[in-house]
Each structure stands twice: as C-alpha cells, then as structure tokens.
1. Of these, G37, G120, G107, which one is in the same structural domain as L12 (by TED's automatic domain parsing) and surrounded by 12 or more Cβ atoms within 10 Å (Cβ to Cβ)?
2. Which of the following residues is part of a helix (DSSP H, G or I) and not charged (D, E, K, R): L84, L102?
3. List pairs: first residue in the range 1-28 and free of Cβ contacts under 8 Å to residues at least 40 places away in the same chain, second residue of a type in the set (S, T, N, Q) anywhere in the structure, Cβ distance under 7 angstrom, at least six positions apart or on different chains.
4. When the range 55-114 is examined, which residues are found to be hydrophobic (A, V, I, L, M, F, W, C), within 16 Å of E125 (Cβ to Cβ) and within 14 Å of the chain's Cα centre (by Cα)?
5. Being under 28 Å from P53 (Cα atoms) and small (G, A, S) narrows it down to one of S94, S130, so name that one.
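The values are calculated or read from the model by the stated rules, or taken from the named source; none is laboratory data. This one's a predicted model, so the numbers in the text were calculated from it and none came from an experiment. In this analysis, Cβ positions are derived from the backbone assuming ideal geometry, glycine residues included, and neighbour counts consider all displayed protein chains.
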Amino acid sequence: MRTWLPYPIVSLGLCGLWLLLNQSVDPAHLLLGALVGIAGPLLGRRLQPRGYPRLRAPWALFRLLAMASVEVVRSCFNVCRIILFADYAQVNASFVRVPLTLRDPYGLALLSCLINMTPGTVWVEILPDSHDLVLHVFDLQDEQFWIDTIQRRYEQPLLDIFTTEADRADLA
C-alpha cells in the first residue's frame, strides 16, 4: 500500500483540490483527481529529505505562527507607509547577514517561508562557509534589530520545535 500511496492524506488532499478547482464531480474529474492524487506524492517522494518532521513543541509552533501573523500585518502597514508617503532618497534598502544555529532542513524551510511572506524582507541565501543567512531588507534602519529579531523571534522557537537536546549539544 505504501508503494502506491506513500502519503495517503496528501493524495486525498490533491484529489479533493482537483475536484474543487474544477467544480465538478463527474467521473472523468474523479478519475483525473485520483490520478493527480496518486502521481503527485509518487513523483515528489524523493524530495523529502528525511521523512516526516518531528515536532518537539507544537505549542511553540502555534505561538510562532501567531507572532509571525502579527508581524506580517505590521510589516504590511510599514511597507505601505513607505511606498505611499516616504521620500525615496531616504529609503535604505540593504542586505543583512544573520548567523544561524538552526540546521534542520524543515526548520530552515519554515524560516524561509516566514521571512519571505513578511513584506519588506527577502531570504537571499545561506552562505555555505559560515551558515549565515543573507537577508534583504526594504528599509534598513538598524541592522542589529534585524539580527536579534531573526535569532530570537524566529530561530529560537524553530530550534525548540525541530531539534532535540542531542542536536543542540552538537550545535554548541
């Protein structure tokens, strides 16, 4: 069963999404939805780096997502204010290097999503030699503020969520 349906919930979700997008439950759409639901996870199976992630602190994930939602709304207003009312000569778009401790691929992927969905910030790359995150900030006023924000507000909860005590001892 696992060879044809490695992720049955994802398969069911893809099939349901197909039917919703087509707004039809005709036999042809049911068949195509089932094919998409089976083929999608089979083709994407090798993209999983290490199976399903293990969430060590689900409440920390909830708090992180709630805090990030507030941050996204706040950033929307700030970016709109800058675009509509600021003098463009005063806008200081710049890059910031943020040293990261987080090494878990799922944690880094979630960090990337959180940073990129926040208006005014873009994840550029992780430098392979130093494992620093290069971040582009639309209007940089205080570089240390951004380093502290990424490390304390985002990286620390992600370390709590995705790493074990043994992993943290290896990182230290």
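1. On the way: G120 fails: in the same structural domain as L12 (by TED's automatic domain parsing); G107 fails: in the same structural domain as L12 (by TED's automatic domain parsing).
After applying the criteria, what remains is G37.
2. Values: L102 fails: part of a helix (DSSP H, G or I).
Only one candidate qualifies: L84.
3. L5/S11
4. Step one: list which residues in the range 55-114 are hydrophobic (A, V, I, L, M, F, W, C), which gives 55, 57, 59-62, 64-68, 70, 72-73, 76-77, 79-80, 82-86, 89, 91, 93, 95-96, 98, 100, 102, 108-111, 113-114.
Next, only the ones that are within 16 Å of E125 (Cβ to Cβ) stay: 95-96, 98, 100, 102, 108-109, 111, 113.
Across the range 55-114, the qualifying residues are L102, L108, A109, L111, C113.
5. Answer to the selection: S130.
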